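S.K.: Okay, here's the structure, questions in a sec.
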Amino acid sequence: DMTPLKSILVTSGMPQEGKSFISINLALSLARHKNSKVLLIDGDMRRFTLHQILGCESQPGLAEYLAGKAGILDVMQRSDQSTEAGGLGKTLLPNLTFIAGGNGGDKAADLSGSPRFGALIRAVAPYFDWIIVDSSPVLPVSDAVNLARACDGVLLVARGGVTKFPVAQRAQSELKASNVLGFVLNAVHEAPQVGSYYGYDANKG
């Protein structure tokens, strides 16, 4: 039986392949152009940067929810800025709800294995058309593989000219228990200068 595709985890093999950029743009375009209700979750509890782009608080976020220190409604935010983030503000707001990474620190791996993540996805699913989860890279840490279990599908981001094929292959095999939807090739040369948006310096790619 085909489960409808609603929750998508976005990850990459290694850091700096641009997955946060892809996650946020995917969430924005679904919210803006498809008029879908989107929940964007920053599932990178170590290097969480999406709140900066959206002008939201970094905590309480996913880490606090998974640790049992905050409820679902406590961690949901709306981005309310209208001028910063390159003027993205005004138009992205009504349909986009955001959960920040919170501060997982050393406990991120344990937290990512919590059954509370699956419970969160199941609880909020009826209220959203799409749930996009930006996560840590797959190979250095286990968080993404854990979080992926609760999602309907996984998008693997690779960077043209940067990601080595074995890395992409290994990332895919780490996620073999999940439904890998495909690869998003994040171009390097055509990339707009968005380094400051997602915490990595685009120029160093």
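The values are calculated or read from the model by the stated rules, or taken from the named source; none is laboratory data. Keep in mind that what you see is a predicted model, and the values were worked out from it rather than measured. Cβ placement follows ideal geometry from the backbone for every residue including glycine, while neighbour counts extend to all protein chains displayed. Side chains included, ligands, DNA and RNA excluded: accessible areas come from the protein's heavy atoms. Shrake-Rupley method; radii C 1.70, N 1.55, O 1.52, S 1.80 Å.
S.K.: Only residues that are of a type in the set (Phe, Trp, Tyr) and modelled with pLDDT of 90 or more: list them for the range 146-177, please.
M.R.: none
S.K.: Filter the range 20-43 down to residues that are basic (Lys, Arg) and more than 24 Å from Ala119 (Cα to Cα) and give me whichever is modelled with the lowest pLDDT.
M.R.: Here the answer is Lys34.
S.K.: Considering only the range 44-74, how many residues are surrounded by 24 or more Cβ atoms within 10 Å (Cβ to Cβ) and at pLDDT 95 or above?
M.R.: Looking only at that region, the number is 5.
S.K.: Here's something else I'd like to know. Taking the range 122-145 on its own, how many of its residues are modelled with pLDDT under 95 and surrounded by 17 or more Cβ atoms within 10 Å (Cβ to Cβ)?
M.R.: So the answer is 9.
S.K.: Hey, can you tell me all the residues within the range 23-35 that are open to solvent by 30 Å² or more (accessible area, probe 1.4 Å), part of a helix (DSSP H, G or I) and either among the hydrophobic types (A, V, I, L, M, F, W, C) or in contact (Cβ under 8 Å) with a residue 12 or more places away in the chain (or both)?
M.R.: Scanning the range 23-35 gives Leu26, Arg32.
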